[in-house]
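Worksheet for the structure shown next.
The values are calculated or read from the model by the stated rules, or taken from the named source; none is laboratory data. Since we're looking at a predicted model, the values are computed, not measured. SASA here: full protein model, heavy atoms, side chains in, ligands and nucleic acids out. Shrake-Rupley method; radii C 1.70, N 1.55, O 1.52, S 1.80 Å.
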Amino acid sequence: MSYPKELLAASHGACFTMALAFALTQAGHPPATVDTTATVHLTRDEGGFSIPGIDLVTSASVPGPDDATFQTIADGAKKNCPLSKALASVPIALTATLA
């Protein structure tokens, strides 16, 4: 059985991966691979439950860009991913590694 937070994490991870691959390709650096894991944190509070944060951890094999360029593109992909935009009220942390 899948729980809503797991479905949200899977959707957000997939959406971010597609946004990053697109942004890298548009910048002239098509990726060989992009692997992302998203973790949605769920906590219980006085009103029931809330999502205090989401962690995106991605690793990409990309010929060409240096790490600074890759980080800039990854940050832009996080900001422009449709699900990141929809979840803008939740802090989203990104750890991006250029493999």
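Listed values for segment 82-87 are Karplus-derived 3J(HN,Hα) couplings in whole Hz (6.51 cos²θ - 1.76 cosθ + 1.60, θ = phi - 60°), namely x, 6, 4, 5, 5, 9, and x replaces Gly and Pro.
Of all aspartates and glutamates in the structure, the ones whose alpha carbon falls short of 12 Å from that of Lys78, not counting any fewer than 8 places away in one chain, are Asp55.
Structure remark: mean-square fluctuation, Gaussian network model of the chain, C-alpha springs under 10 Å; the largest value among Ser50, Ser11, Ser61 belongs to Ser50. Heavy-atom accessible surface of segment 2-57, averaged per residue, reaches 60 Å², computed with a 1.4 Å probe. Once backbone amide H atoms are built at 1.01 Å from N, Leu94 has Leu56 as its partners under 5 Å, excluding neighbours fewer than 5 places away on the same chain. The largest accessible area among Asp66, Asp75 belongs to the first residue in Asp66, Asp75, and the rest follow in falling order (1.4 Å probe, all chains).
What's the carbon and sulfur percent of segment 15-99's accessible surface, probe 1.4 angstrom, rounded to a whole number? Please report the intermediate quantities before stating the final value.
Numbers: 2720 of 4740 Å².
Carbon and sulfur: 57 percent of the exposed surface of segment 15-99.
Remark on the chain: Rg and Dmax equal 14.3, 49 Å (Cα only). When Lys85, Lys5, Lys78 are compared by accessible surface with a 1.4 Å probe, the order from highest to lowest is Lys85, Lys5, Lys78.
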